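Working notes, beginning with the structure itself.
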Amino acid sequence: MPLSSATPRLADIESRAVAAYLGLALGDALGATVEFMTPREIAAQYKVHDTIRGGGWLRLRPGQVTDDTTMALALGGAILQSGRVDALACARAFDDWMRARPVDIGNTVRRGLLHFRVTGIPETEPSEHDAGNGAAMRVLPVALATLGQPEAQVRAACRAQAHVTHHNALSDAATECLALMVQDALHGAARDPLLQRRVIPLVTQHPEFEFRNVTRSNPSGYVVETLRVVFQAFFGTTGFRECLIDVVNRGGDADTTGAIAGMLAGALYGEAALPKAWLAALDPPTRLECAAQARALLEVRTQPG
Ligand code: MG
Ligand code: MG
């Protein structure tokens, strides 16, 4: 089924891919300031938090990103090195990332990587406790590297990187849904088709993800709570900046909701929609690496095997 009447030009796809990666980093940097705060605390301190200013519980420099972006970059690096999504290469890259003492790290990620260090197996056992958002937040490089591949292959690649640390049906469903939404947006899909083609089927299969007609704030790291607020903000707004401000001011795991919403909104609205002031505030090496990886990862899909 075609997503739009016109075939998107390669330059459009590349521009949206860059916007998705920068959107991820911008949402992370914006949200990290208010991570673990309640909406009431955010309002008392900032009225509306809409500036990349650093700080937060991690005491970040303005424009500094956290694990959401740096794990994605580690994953992207592994994919570029091996020319495909290989679970062992992903696990090694994540392990190197952990050894480099990241500014923050999720419990499930740490547990999964310690399991890999001990066993050498880049896949954890299935667990009902692995429904955190850590595999979903870093999936963007897989979406870019597998663009145009059959859906079953895209889903399998998503799970290969996810299961290094998170082996859970809800995490898998969320991670695959996000990757496919990004790919559809890169191919020119508008907001409503993303809802109809990707999110409604997710909610039908896993009713936990129902997000309409419920007020949500303070999302935890549980992937269901994360996606509910991301979907509310993404489908309830009509621009990149508006979407990200909406989602991070809900507090809770705001760097991760910001990162995921930023990835989707970047892919949908494109580079021109990214606020100039936010881009100027983003850590310059991170900004360069995100843009460069986005372009390079799109080349992977043309390689055989
Ligand atoms: Mg983080
Ligand atoms: Mg977080």
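Derivation of every value follows stated rules applied to the coordinates shown; laboratory data play no part. This structure is a prediction, so every number in the text was calculated from the model and none was measured. Positions of Cβ are generated from backbone atoms using ideal geometry, with glycine treated the same way; all protein chains shown enter the neighbour counts.
Ordering of 231-244, 205-218, 102-115 by packing is 231-244, 102-115, 205-218, highest average first (other Cβ atoms within 10 Å, averaged per residue). For Gly55, nonlocal amide neighbours, meaning residues 5 or more places apart or on other chains whose placed amide H falls under 5 Å from its own, are Leu60, Arg61. Within the shell of other residues whose beta carbon sits under 10 angstrom from the beta carbon of Met137, the net charge comes to -4, with Lys and Arg scored +1 and Asp and Glu -1.
What is the Cα centroid distance between the range 26-68 and the range 204-222, reported in whole angstrom? Going from one Cα centre to the other spans 22 Å.
Restricting the calculation to Cα atoms, every distinct pair contributes to the Kirkwood radius of the chain, found to be 18.7 Å.
Using r as the Cβ-Cβ distance of Leu88 and Ser127, and R0 as 25 Å, what FRET efficiency do you calculate, to the nearest 0.05? Working shown, then result.
Values: r = 20 Å, r/R0 = 0.81.
That pair, Leu88 with Ser127, gives E of 0.80.
For the range 10-300, the dipole from Cβ point charges (+1 on Lys and Arg, -1 on Asp and Glu) about the Cα centre works out to 440 debye, to the nearest 20.
Asn213 to Gln149: extension gain in nm, 0.36 nm per residue of separation minus the Cα-Cα distance?
On the way: separation 64, 0.36 × 64 = 23.04 nm, distance 3.48 nm.
Stretched out fully, the Asn213 to Gln149 stretch lengthens by 19.6 nm.
The phi torsions of the range 116-123, fed into the Karplus equation with coefficients 6.51, -1.76 and 1.60 and a -60° offset, translate into couplings of 5, 4, 6, 9, x, 9, x, 8 Hz, rounded to whole numbers, with Gly and Pro shown as x.
Would you work out the relative contact order for the range 177-254, in percent, from Cα pairs under 8 angstrom that are 6 or more residues apart?
Result for the range 177-254 is 26 percent.
The phi torsions of the range 130-141, fed into the Karplus equation with coefficients 6.51, -1.76 and 1.60 and a -60° offset, translate into couplings of 8, 8, x, 8, x, 7, 6, 5, 10, 7, 3, x Hz, rounded to whole numbers, with Gly and Pro shown as x. Computed 3J(HN,Hα) for the range 257-269, one whole-Hz value per residue from the Karplus formula 6.51 cos²θ - 1.76 cosθ + 1.60 where θ = phi - 60°, is 5, x, 5, 5, 5, x, 4, 5, 5, x, 5, 6, 8, glycine and proline marked x. Centre-to-centre, using Cα atoms only, the range 88-163 and the range 224-278 are separated by 23 Å. Between amide H atoms placed 1.01 Å from N, distances below 5 Å from Thr146 occur with no residue 5 or more places distant or on a separate chain.
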